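Scroll down for the structure; my scribbles are underneath it.
The values are calculated or read from the model by the stated rules, or taken from the named source; none is laboratory data. Source: prediction; values computed, not measured. No Cβ is skipped: glycine too gets one built from the backbone with ideal geometry, and neighbour counts run over all protein chains shown.
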Amino acid sequence: MTKRYGPTLALDRLSFQAHPGRVTGFLGPNGAGKSTTLRVIVGLHGPTSGVALVNGRRYAEISRPLYEVGALLDAGAVHPGRTAFKQLACLARSHRIGTSRVKTLLEQVGLQDVAHKRIGGFSLGMRQRLGIAAALLGDPGVVLLDEPVNGLDAEGIHWVRGLMRTLASEGRTVLLSSHLMSEMALTVDHVLIIGRGRLIAESSMEDLAKRFRRDILVRSPMHVELGGVLRAAGMSVSSEPRGGLVVTGSDTATIGDLAAERRIPIHELTQRSATLEDVYLEMTDEAADYRAGGRRSL
C-alpha cells in the first residue's frame, strides 16, 4: 500500500501479512505509519494505491465487521456522557449482540464495578480496557490494537499480555502496535518493523534474536588462564568490569569444551543477545524523524 496526505508520503509501498495463531508486533518510530496502516485496514482512510484485505476482503465489504475484525485505535474516541455499559450496548445493538455478552466482557476487562459510571470520569487505563472490550465484542478472529497498554499500570499490562497470548492460542490473528519494547519482547511471536512508511524488517522473535546475537559472557576463577586459551583458539576476548570475560567469534559449546580439556572451572557461560529494544533502535536509526535534540529532516 501507498498512502499520501498531500505532499506527505505516509506509507511507501508497504506490504506484509499477519497470520492466525500468533501475536504480530507492529513497531516503528513516531510518524513511521503504524496508526495510518491500521486505519487503512479498517477503512477509516483509503490507500492512494494498493489494498488492505482482511480474510481476503476489504473491510467495507464485510457485512458484519464486529464478528470478523475487532479494533482499538483510539481509546479516547468514546462519548464521555455514556456509561461503559451503554457504550458497549450501543455497539452490540448494531450487530444484534445480546447484553449478556456486554456484561461478560465488562467483567473480563475488569470494569464490572464501574459499568454504570460515565466514561468522562475514566482514567486512560480504564478507557483502554473499555476499548479492548469493544474490540472483542463480536468474538472476532482478527484483533487490531494500537498502543493498548498506554495508561495501564503493571497489573493491567500483565493482563493485556496474557490476553494477547490467549487470543493467539485460540487461533486468532493479533496485530499489536506499541512503543514499549520490553513489553513487546514478552508478548509477540513475530515482528514487523517499519520506518517512514516502509517495511524495514519482518522476522520471528526467535530468528531476530539469532540474527542479533552479540557475545558470550564467561566467568571462571581461572579467567586469566581461560582468556589465554580462548585467544589461542582465535577468539576475541575482553575483560568485563566484574571479572568476567566477554567472548566473540565462537559458541558456548566450544568454549565449554576447551575449558573442560584444560580442567578450567566455569562458573557462568551465557550467550548474550541484543534486546528487542537494541535491535529496534539499530534498525530504525536512519528512519527516525524525531529524536532528542531536535527533529530530523525528511
Exercise. Scan the range 204-222 and give yes if some residue there is without any contact (Cβ under 8 Å) to a residue 60 or more places away in the chain, among the β-branched types (Val, Ile, Thr), in a helix (DSSP H, G or I) and not assigned by TED's automatic domain parsing to the domain that holds Arg57, otherwise no.
Key: no
Quiz prompt | Residue pairs meeting the criteria (Cβ under 6 Å; at least 6 apart or on separate chains; first free of Cβ contacts under 8 Å to residues at least 60 places away in the same chain and closer than 12 Å to Thr270 by Cα, in the range 232-254; second polar (S, T, N, Q) and exposed (fewer than 12 other Cβ atoms within 10 Å of the Cβ)) | solution = Val246/Ser238
Exercise. Please tell me if Gly141 is touching a helix residue (DSSP H, G or I) at 6+ places or on another chain (Cβ under 6 Å), of a type outside the set (Ser, Thr, Tyr) and under 19 Å from Gln108 (Cα atoms).
Key: no
Self-check item: Scan of the range 152-181 for residues that are over 16 Å from Gly28 (Cα atoms) and surrounded by fewer than 16 Cβ atoms within 10 Å (Cβ to Cβ), ordered by number
Solution: Asp153, Ala154, Glu155, His158, Gly162, Thr166, Ser169, Glu170, Gly171
Quiz item: For Ala77, which of the numbered conditions (1) part of a loop (DSSP other than H, G, I, E, B); (2) surrounded by 14 or more Cβ atoms within 10 Å (Cβ to Cβ) fails to hold?
Solution: (2)
Quiz prompt | Among (1) loosely packed, with under 12 Cβ neighbours inside 10 Å; (2) touching a Pro at 6+ places or on another chain (Cβ under 9 Å), the one test that Ala259 misses | solution = (1)
Quiz item: Going through the range 94-112 one residue at a time, which ones are in contact with a helix residue (DSSP H, G or I) (Cβ under 9 Å, 6 or more places away or on another chain) and either in a helix (DSSP H, G or I) or of a type in the set (Ser, Thr, Tyr) (or both)?
Solution: Ser94, Thr99, Arg101, Val102, Lys103, Leu105, Leu106, Gln108, Gln112
Practice problem: Give the residue, chosen from Leu88, Leu73, Leu66, Leu106, that is within 23 Å of Val160 (Cα to Cα) and touching a His at 6+ places or on another chain (Cβ under 6 Å). | Solution: Leu66
Self-check item: Filtered residues of the range 1-30 (kept if part of a loop (DSSP other than H, G, I, E, B) and under 15 Å from Leu199 (Cβ atoms))
Solution: Met1, Asp12, Arg13, Leu14, Ser15, Phe16, Gln17, Ala18, Gly28, Pro29
Quiz item: How many residues, within the range 30-56, are within 16 Å of Gln17 (Cα to Cα), surrounded by fewer than 18 Cβ atoms within 10 Å (Cβ to Cβ) and touching a residue at least 40 places away in the same chain (Cβ under 8 Å)?
Solution: 3
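Filter the range 144-161 down to residues that are more than 13 Å from Asp189 (Cα to Cα), in a helix (DSSP H, G or I) and in contact with a Ser or Thr (Cβ under 9 Å, 6 or more places away or on another chain), then give me how many there are.
1
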Exercise. Give just the number: which of (1) more than 20 Å from Arg165 (Cβ to Cβ); (2) in a loop (DSSP other than H, G, I, E, B) does Arg127 not satisfy?
Key: (2)
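Look through the range 95-112, keep the residues that are of a type in the set (Lys, Arg) and out of contact with any Phe, Trp or Tyr (no Cβ under 9 Å at 6 or more places or on another chain), and return whichever of them is surrounded by the most Cβ atoms within 10 Å (Cβ to Cβ).
Of all residues in the range 95-112, those of a type in the set (Lys, Arg) come to 96, 101, 103.
Now restrict to residues that are out of contact with any Phe, Trp or Tyr (no Cβ under 9 Å at 6 or more places or on another chain): 96, 101.
Working: Arg96: 7, Arg101: 18.
Out of the qualifying residues, it is Arg101.
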Quiz item: Looking at Ala134, Ala92, Ala115, which is the one that is over 22 Å from Gly43 (Cβ atoms), surrounded by 14 or more Cβ atoms within 10 Å (Cβ to Cβ), assigned by TED's automatic domain parsing to the domain that holds Gly28 and in contact (Cβ under 8 Å) with a residue 12 or more places away in the chain?
Solution: Ala115
Practice problem: Consider Leu186 carefully, then state whether it is outside any helix (DSSP H, G or I), under 14 Å from the mean Cα position of the chain (by Cα) and of a type outside the set (Gly, Ala, Ser). | Solution: no
Practice problem: Determine whether the range 63-73 contains at least one residue that is without any contact (Cβ under 8 Å) to a residue 24 or more places away in the chain, over 24 Å from the mean Cα position of the chain (by Cα) and part of a helix (DSSP H, G or I). | Solution: no
